[in-house]
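The values are calculated or read from the model by the stated rules, or taken from the named source; none is laboratory data. The structure presented is a predicted model; accordingly, all values stated were derived computationally and were not measured. Reconstructed Cβ throughout: ideal geometry from the backbone, glycine too, with neighbour counts over all protein chains shown. Keep in mind that these areas ignore ligands, DNA and RNA; they rest on the heavy atoms of the full protein, side chains included. Shrake-Rupley method; radii C 1.70, N 1.55, O 1.52, S 1.80 Å.
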Amino acid sequence: MLIIKGSSEVCAIGFNALHSEQSTDVYQIVYNTKKFLFITVLSIGFLIYNKQKVLGEDFLFWFIAHLITEYPEMEQTAPTINYGVGMACSFFEGYLVHVIPSDGAKFVGFEENMNIYEARQGIVFPVKRLFIVITKSLYCPPDLKHFNKNNRMDIPYLEACQSLEDVEKDVAGVKNRTYRNTAYKIYRPKKSPVYLAAECATPLHTLHRVLEKTSLYEELANVNVQNIVNDFCRMLRSIIAKSPECRNKCELVYFDDTDPTQNLADVLLDRIRLLEPNFENLKNT
């Protein structure tokens, strides 16, 4: 029973990690599974030491018994919303639904807002999506140029442009609340610049600030940050994919800002190239 319990937990954690949208952190997987690995290895070692079969003829019956004992617990377990899922729902309903779809009145919608910007500025957005940058450290600077490589003009780098048209809405008792998206220009050596609308995920920025003040937020002092980020990204992608108004209008981009070899401008260019392979030949009409 201990072998079944330990190995099933290890498999569940490993499966979730391998199917995560972020890069696999082997150290984190080992850390999460070490308790169950210890149970499994110790149980197998005990059987071997006593010259017993690890998988005897009655193993199947033991496995069925394990499932029977687990079933009542699964039936009684009430569904809970974890921190990452809650942040994704709040971000979508509290922000994205205000800046992406048209409200049929004052706001024309994110895509049309980009078209207006293109006409006024004489530029072209090769991909008309809002790029939402997810940083590994959770740090979200006031300006994405913070992620440029200092004094490196031989590689692409970011520079903020004039923002898109403001979106004003009456929300939750606040009259004319303003929402704004920033356009960025990616400068490239010996090539024309590339334009996009990009920003960091503000819920993760808030989480970063919370984790810097653990004396104030003691309940979150020992949370698994990577799990929260994984849940946030998974849930947000799922919500966007299900929403007819926001589908294909937001793009989550994971950026490992702890890796000195990574350059955000290059990461964004790679994603633009993936979404629009012909972006180099697009012209403003």
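If we scan the stretch 185-194, do we find a residue that is part of a helix (DSSP H, G or I) and open to solvent by 70 Å² or more (accessible area, probe 1.4 Å)?
Within the stretch 185-194, none of the residues are part of a helix (DSSP H, G or I) and open to solvent by 70 Å² or more (accessible area, probe 1.4 Å).
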Looking at (1) open to solvent by 20 Å² or more (accessible area, probe 1.4 Å); (2) modelled with pLDDT under 70, which is the one condition that is false for residue 66? (1)
Going by what's in this entry, would residue 170 be described as at pLDDT below 90, open to solvent by 50 Å² or more (accessible area, probe 1.4 Å) and part of a loop (DSSP other than H, G, I, E, B)? no
Considering only the stretch 200-247, how many residues are open to solvent by 90 Å² or more (accessible area, probe 1.4 Å), in contact (Cβ under 8 Å) with a residue 24 or more places away in the chain and either more than 23 Å from residue 182 (Cα to Cα) or part of a helix (DSSP H, G or I) (or both)? 1
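A quick yes/no check of all residues on (1) within 23 Å of the chain's Cα centre (by Cα); (2) at pLDDT below 90; (3) under 17 Å from residue 267 (Cα atoms):
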| position | (1), (2), (3) |
| --- | --- |
| 114 | no, no, no |
| 134 | yes, no, yes |
| 149 | no, no, yes |
| 154 | no, yes, yes |
| 157 | yes, no, yes |
| 182 | yes, no, no |
| 194 | no, no, yes |
| 201 | yes, no, yes |
Any residue in the stretch 116-128 that is under 11 Å from residue 196 (Cβ atoms) sitting within a Cβ distance under 6 Å of a residue that is part of a helix (DSSP H, G or I)? List the pairs, counting only those 6 or more apart or interchain. 124/118; 125/114; 126/272; 126/279; 127/272; 127/275; 128/111; 128/114
